[in-house]
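The values are calculated or read from the model by the stated rules, or taken from the named source; none is laboratory data. What you see is a predicted model; the values in this text were computed from it and never measured. Virtual Cβ from ideal backbone geometry, glycine too; neighbours counted across all protein chains shown. Accessible surface areas use protein heavy atoms only, side chains included; no ligands, DNA or RNA. Shrake-Rupley method; radii C 1.70, N 1.55, O 1.52, S 1.80 Å.
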Protein chains: 2
Amino acid sequence: MDGAVTMSPATLAAIYDADGPRSKRAEILHAAIEEFGRVGYESAKWASVAERVGIGQPALYYYFESKAHCLLVIMRLQLERSHARFVAATSGATTAGDALGAAVTQVYDVSEHEALQIRVLQSHIVLLANRRGSPREEEERLAARALVRRIEDSWTALLERGMDEGSLPRRDARVLALAVLGLVVGMWRWYRPATGRSREALGALAAEACLRMVDGGRA
Amino acid sequence: MDGAVTMSPATLAAIYDADGPRSKRAEILHAAIEEFGRVGYESAKWASVAERVGIGQPALYYYFESKAHCLLVIMRLQLERSHARFVAATSGATTAGDALGAAVTQVYDVSEHEALQIRVLQSHIVLLANRRGSPREEEERLAARALVRRIEDSWTALLERGMDEGSLPRRDARVLALAVLGLVVGMWRWYRPATGRSREALGALAAEACLRMVDGGRA
């Protein structure tokens, strides 16, 4: 289920393969997400990523200077994608309530692979807190932090729009946005397939819960 | 503000100093929380923890076999405390709605040091996903996982109670509990003092948001 929010192949290529058609970068990122997501980043071996792609470790270092650098790139790309998805999902909505519902639902309407990438991002978000020693890692970290901020701002602006329109009761939009994001992100972390709910059902429940939280059903 | 939910010195001693009055364990844990919380676990030096306590590294190893072992103990203890706090906060409440409000509010009503410990826990929760190589680390990991499960069960049971009483509308209590926990935990992660809100204000807003989410104001 690759969902309602799709990006053009050109956009995806631009995001995932900035180095041209012969680049191994996209393949390495794909393999690293699988490796980090399934084995866990701590236990994951950089050599296993090379093996999955069928290249040697020196080739790996052509693209990423370290396992941490690769992780930070994966995180930054997922944040970019999350923001692009938010914009795509909300741009067609007429009311702030509809936009919020669409924004929350799309978070869970992703491929297995993207679900894994979201988990990798969320599980290591703490890495964004502290300065990195290497300039390339630090560049990714700062870009990722700026994206987190942009995402917070976008969700806040959406709630403010609803409050200005009068479809949502006036409240502290920033804190409410952080509560919504907390729920949306937190559900990913607490959710396990063993609970017997599909991601689709989870998305619907999360959207309803968020709408109740902001009183979006009031209108 | 050490809050409405306090534990007896005996309970705290039992939790923090299982090795008797002359043990350095509590001091080391305190120092490690400060170090991991302020510098970041990745960058934190095990030697700096020893320095903060004023002991040598060999003495440190008497209590913890590794930095990771110490982190897992910190996480397990915070989960124990979170669960004890939940039980204390909810036991006096007459309705499920009141109990939920009290349970959410108390999460933010903690000392600066406990706030740091909560962040250390939440930032490294991914460590609980994968088996540890060392038996002592694995023991802590399994204990922490069991506590996560017990916390989920307690919050679910609280919502079920409200649904049985008729004070909350009937819904999937498990998923709703995960949404509530997602919000409560997620707020900690997204919150920064720079937002200009106190933790107290945050707790009140989170409690209101959760009550709206479960329709607790309906009754």
(message) I need a count of the residues in region A:180-215 that are open to solvent by less than 20 Å² (accessible area, probe 1.4 Å), at pLDDT below 85 and in a loop (DSSP other than H, G, I, E, B).
(response) 1
(request) For region A:119-140, name all the residues that are more than 12 Å from chain B (Cβ to nearest Cβ) and either of a type in the set (Lys, Arg) or in contact with a Pro (Cβ under 8 Å, 6 or more places away or on another chain) (or both). (result) A:ARG136
(message) Restricting to region A:141-168, count the residues that are without any contact (Cβ under 8 Å) to a residue 60 or more places away in the chain, open to solvent by 20 Å² or more (accessible area, probe 1.4 Å) and either in contact with a Ser or Thr (Cβ under 7 Å, 6 or more places away or on another chain) or within 14 Å of chain B (Cβ to nearest Cβ) (or both).
(response) 3
(request) Evaluate the following for B:ALA177: is it crowded, with 17+ Cβ neighbours inside 10 Å, of a type outside the set (Val, Ile, Thr) and within 20 Å of A:ALA206 (Cα to Cα)? (result) yes
(request) Filter region B:58-81 down to residues that are of a type in the set (Ser, Thr, Tyr) and in a helix (DSSP H, G or I) and give me whichever is most open to solvent (accessible area, probe 1.4 Å). (result) B:TYR62
(request) Considering every residue within region A:94-102, establish whether at least one is open to solvent by 30 Å² or more (accessible area, probe 1.4 Å) and not in a helix (DSSP H, G or I). (result) yes
(message) Looking only at region A:152-173, how many residues end up being modelled with pLDDT under 95, closer than 18 Å to B:ALA206 by Cβ and not in a loop (DSSP other than H, G, I, E, B)?
(response) 2
(request) Could you grab the pairs with beta carbons closer than 8 Å, sequence gap of 6+ or different chains, first residue in region A:33-47 and at pLDDT below 95, second one of a type in the set (Asp, Glu)? (result) A:ALA44/A:GLU35; A:LYS45/A:GLU35
(message) If I go through region B:112-130 residue by residue, how many of them are surrounded by fewer than 21 Cβ atoms within 10 Å (Cβ to Cβ), in contact with a Gly (Cβ under 8 Å, 6 or more places away or on another chain) and in contact (Cβ under 8 Å) with a residue 60 or more places away in the chain?
(response) 2
(request) Inspect region B:82-90 for any residue being open to solvent by 30 Å² or more (accessible area, probe 1.4 Å), at pLDDT below 95, among the β-branched types (Val, Ile, Thr) and in a helix (DSSP H, G or I) and give the result as yes or no. (result) no
